[in-house]
């Protein structure tokens, strides 16, 4: 290499290094200053849902931590999710949703966004054990009774859910697959209607969660047959786990998590994830939600992304088969 080539290479190397250092400095500055304006947590469900309640509790804590206003906006339905996919990727708009997000692509072939590639996982924030329930005065007294009845007359038993693609629908479909039973799905507008069908005996079974069905179970208005998880729920100590009741292969807990538009800088995603993780690990937050059967957890963006893709693949295939797509 002659002297001129050497000088050119040195100048180019110095320029590249300066550019890299400058980019790192800008990234660091953006994290240190974030957020500089109001932040919205969009919830694609109506006010009063567990997703909404979690979002508002986290938003209140973030507002104090960031010394910046953080508000919750309810934008129910796919339109709400689509609005986040198209939002500016600057950390000013994020979304708190449930694991129903992982099946919307399998159920809707005409979406104008990609449920996976248009989003980046920030952190999981909570999970809820699923509870299998039946009418209180019906013939089904145990999980074994239910499975035997379903297998003896394939397609004769139905189950209610809070709607196609809801957590209760996914739970029942996974249960049907795990137990090799044929059950007829009867979707309702939401959890109240789904549980009313079980109370009246219109549905042979269904899934619920303690925060919405616990009072009815404890009052004897619904019979709890089994709960997911590795141990019994403290609130329902007499209800066996699925493993204890003879179905060890079934497990489905609903989860909630935070997503951001896909191009959001990693530095901001990491900061938001870290701050929310610290909030949901606080003893006062855990005590508040565990009383409702909601267990606060957190995960790194990378781990949460893997959960999103794994669930989308697993449950997407289940829905494609169920819907005949």
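The values are calculated or read from the model by the stated rules, or taken from the named source; none is laboratory data. Note that this is a predicted model, so its numbers are computed, not measured. Backbone-built Cβ (ideal geometry, glycine too); neighbour counts: all protein chains shown.
Descriptive notes on the structure:
- Qualifying residue in region 34-54 (condition: under 22 Å from residue 256 (Cα atoms), assigned to a loop (DSSP other than H, G, I, E, B) and at pLDDT 90 or above): yes
Results for (1) surrounded by 15 or more Cβ atoms within 10 Å (Cβ to Cβ); (2) modelled with pLDDT under 95; (3) outside any helix (DSSP H, G or I), shown as yes or no for each residue.
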residue	(1), (2), (3)
278	no, no, no
285	yes, no, no
289	yes, no, no
303	no, no, no
312	yes, yes, no
316	yes, yes, no
321	no, yes, no
325	no, yes, yes
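- Filtered by the rule that a residue be farther than 24 Å from residue 306 by Cα and touching a strand residue (DSSP E or B) at 6+ places or on another chain (Cβ under 7 Å), region 110-134 gives 131, 132, 133, 134.
- Candidate set from region 241-254 (those that are surrounded by 18 or more Cβ atoms within 10 Å (Cβ to Cβ) and modelled with pLDDT of 95 or more); member that is farthest from the chain's Cα centre (by Cα): 245
- Residue that is surrounded by fewer than 21 Cβ atoms within 10 Å (Cβ to Cβ), within 21 Å of the chain's Cα centre (by Cα) and at positive phi, where the choices are 91, 77: 77
- Which listed residue, of 207, 175, is outside the structural domain of residue 82 (by TED's automatic domain parsing) and part of a strand (DSSP E or B): 207
- Selection of first residues in region 285-301 that are over 19 Å from residue 237 (Cβ atoms) and assigned by TED's automatic domain parsing to the domain that holds residue 122 and of second residues that are at pLDDT 95 or above and assigned to a loop (DSSP other than H, G, I, E, B), restricted to Cβ pairs under 7 Å at least 6 apart or on distinct chains, gives the following pairs, ordered by first then second residue: 298/281.
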